[in-house]
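See structure below.
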Amino acid sequence: MPSLDSLKTLKTLQVGNKTYHYFSLPDAARSLGELDKLPMSLKVLLENLLRWEDEKTVTGADLKALAAWLKERRSDREIQYRPARVLMQDFTGVPAVVDLAAMRAAMAKAGGNPQRINPLSPVDLVIDHSVMVDKFASSSAFEQNVDIEMQRNGERYAFLRWGQSAFDNFSVVPPGTGICHQVNLEYLGRTVWTKDEDGRTYAFPDTLVGTDSHTTMINGLGVLGWGVGGIEAEAAMLGQPVSMLIPEVIGFKLTGKLKEGITATDLVLTVTQMLRKKGVVGKFVEFYGDGLADLPLADRATIANMAPEYGATCGFFPVDDVTLEYLRLSGRPLETVQLVEAYSKAQGLWRLPGQEPLFTDSLALDMGRVEASLAGPKRPQDRVSLPNVAQAFSDFLDHQFKPTTKEEGRLESEGGGGVAVGNADLAGEADYHYEGQTYRLKNGAVVIAAITSCTNTSNPSVMMAAGLVAKKAVEKGLKRKPWVKSSLAPGSKVVTDYYKAAGLTRYLDELGFALVGYGCTTCIGNSGPLAEPIEKAIQQADLSVASVLSGNRNFEGRVHPLVKTNWLASPPLVVAYALAGTVRTDISREPLGNDKDGKPVYLRDIWPSSKEIADAVNQVNTAMFHKEYAEVFAGDAQWQAIEVPQAATYVWQDDSTYIQHPPFFDDIGGPP
């Protein structure tokens with residue numbers, strides 16, 4: 001490590017039979033003053049500065065400024081932060097790889113060795129943003145969608161396949177594998193990173209930046225990370241620091257436990273609402289409190305995932321026994337788990353019961369007060385308690401069809417008689433014909449029900465709950481409504497493994513929640529088309545229909561251009577709304593449908609108990625993670641069949657309308 005180490009903090013740590021070198025925060029405190037009350041997230045930043053001190057980008061004054069944060073609990077000093085690695089997805093990552101390819105071309109043109117051009121920091125690019133839900137509700141949907149994806153993205157994938165083989169320090173997770181943030185949580189993240197240099201092995205906190213806003217999910221694992229723009233990501237990839245102000249840190253104290261029947265999704269929507277109201281843009285949020293002891297890591301990751309929605313740079317959870325438990329479950333090597341524990345405790349990065357750092361400001365939540373919730377119709381912070389969803393939709397319709405000002409009312413009135421056209425409630429329904437049947441589509445109809453997004457599919461508890469709701473619904477003879485486009489798109493293959501082990505796959509399939517792909521799909525708007533008759537009915541009657549999805553964003557038009565209202569919900573509620581077929585029904589009180597004997601079935605009749613969910617979650621085991629991540633970079637037969645030249649430089653195609661040689665290095669000449 002290039003550090004000047006002016007504070008003389010370099011020490012060794014013996015873990016098992018291996019010796020690690022690290023820059024000690026407790027030793028830094030001898031010179032900088034007491035650091036015990038510094039937020040954990042800022043301790044990670046301080047270690048980063050200690051490790052990269054060079055009196056150019058990182059100075060002794062920077063170290064003192066960060067330590068002095070405790071006095072005012074804020075700082076206006078800018079620091080240079082170097083993350084350990086970079087995470088990318090295929091949409092925002094391709095331009096960075098194009099730039100690397102251009103650098104290699106320039107090096108070759110100048111007579112140098114192009115193979116010298118490689119990322120200096122480890123880079124993982126996960127292909128997850130391209131799969132669309134073209135086919136659904138069939139056993140062949142996954143294979144068909146993969147085929148369509150490969151046809152649509154052949155040129156892009158050939159380029160990335162070349163990059164995978166050409167560059168050092170650069171890995172590609174092929175399509176059909178998972179969502180980048182879930183793969184990061186389940187496999188790539190280590191909590192403590194290591195690097196061999198000058199005959200030593202250095203240990204330091206795992207940190208990263210990513211080219212996707214929900215990179216923040218990894219903070220649930222005690223890994224500091226957030227999303228950045230492409231230029232910043234390329235700079236980090238090439239070993240350059242990310243410039244940032246020392247942030248304010250808002251403490252969020254969690255106490256108590258979730259009540260029976262309440263999910264992690266309900267919790268994160270509540271947290272998002274509270275933090276949006278608080279105002280945390282540009283700030284770190286750090287979670288603390290004794291409630292963390294009973295908060296599973298998957299729940300922490302769900303909360304950390306939605307940091308962009310509550311406005312924070314990140315939502316950080318410190319390392320503790322829950323972290324170690326997840327590392328073991330997900331198949332991390334024993335030496336990694338041992339190192340995480342030993343290093344975190346040595347550095348004061350281990351969460352202790354009753355520990356309360358000093359924060360810029362703080363707020364608190366008793367998790368026992370969280371209610372079953374959705375967020376909608378248009379913003380993720382607009383949490384609505386389940387019994388109030390139907391009314392919230394009615395309020396949306398009232399606002400949509402009424403003039404918002406007196407002036408608008410006058411403009412819309414006919415003949416000055418004061419009867420505003422905008423006040424007239426539209427018919428709000430239309431008939432459509434599909435597969436020999438006639439159906440009536442109304443305002444509030446749920447036309448998309450998607451179990452999607454790493455926010456929730458990384459969480460076995462809510463995923464098993466969805467499977468159990470499906471099982472009970474099928475056993476009672478319930479069916480999804482025919483106008484609902486239903487889909488299941490997990491963020492990793494581990495999910496389908498544990499569904500199979502728990503015997504839940506066939507029930508999800510029967511309700512139309514068949515596997516459509518392993519990728520972002522509906523969460524990022526890749527929901528695919530609705531059936532043509534449904535689209536025509538929506539357009540002709542100007543219907544305000546709905547989607548219900550287990551995603552993280554619900555802005556109008558994001559999920560589908562014809563769907564005006566979008567509701568974020570837990571996976572089991574997604575299944576329930578597919579059965580109800582409308583958001584105008586209060587599913588907390590009104591029946592979802594009738595059973596085989598014609599008797600009404602209510603949500604409470606098919607909602608699983610906490611014990612049933614826990615028993616199902618026990619099906620998740622380490623062998624599943626080992627199996628699915630053993631060949632995570634290999635890809636399927638179609639990926640492996642992509643033919644690319646084994647060359648150090650990319651062969652640019654002049655007629656390509658997607659990948660072109662950028663001109664940035666054209667004027668560089670002479671030997672490198």
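A few points about this structure:
- P(r) tail fraction, segment 1-112 - alpha-carbon pairs more than 17 Å apart, %: 65 percent
- Lysines whose Cα lies under 17 Å from that of K564, excluding same-chain neighbours fewer than 8 positions away: K378, K402, K442, K485, K536
- Cα centroid separation, segment 251-281 to segment 504-583: 25 Å.
- In segment 626-672, the chymotrypsin sites (Phe, Trp or Tyr not before Pro) that fall in loop regions by DSSP, at most 16 other Cβ within 10 Å: F633, W652, Y658, F664
- Near L297: Cβ cut-off under 13 Å, other residues only, Lys/Arg at +1 and Asp/Glu at -1. The net charge is -2.
- Each of H21, L50, S31 was placed along the dipole of segment 10-81 (beta-carbon charges, centred on the mean Cα), and the one lying farthest toward the positive end is H21.
- Distance cut-off 26 Å, percentage of C-alpha pairs in segment 84-220 lying past it: 34 percent
- When you filter the GluC sites (Glu not before Pro) in segment 627-672 for DSSP loop state and at most 11 other Cβ atoms inside 10 Å of their Cβ, you are left with E631, E643.
- Note: relative contact order over the chain, using C-alpha pairs below 8 Å and six or more positions apart, is 18 percent.
- Taking every DSSP helix (H) stretch of at least 4 residues in the chain, weighting each as -39,500 (n - 2.57) and dividing the sum by the residue count yields a mean residue ellipticity at 222 nm of -10000 deg cm²/dmol.
- Computed from Cα atoms alone, the Kirkwood hydrodynamic radius reported for the chain is 26.5 Å.
- For K611, the aspartates and glutamates whose Cα falls under 18 Å of its own Cα, not counting residues fewer than eight places away in the same chain, are E260, D294, D299.
- C-alpha long axis of helix 532-541 to longest principal axis of the chain, angle in °: 70 degrees
- Proximal lysines relative to K43, as straight alpha-carbon distance under 25 Å, when same-chain residues fewer than 8 apart are discounted: K8, K11, K18, K56, K64, K71, K195, K253, K278, K283, K345
Values in this text are rule-based calculations from the coordinates and carry no lab data. If you're wondering where the values come from, they're calculated on a predicted model, not measured in any experiment. Virtual Cβ from ideal backbone geometry, glycine too; neighbours counted across all protein chains shown.
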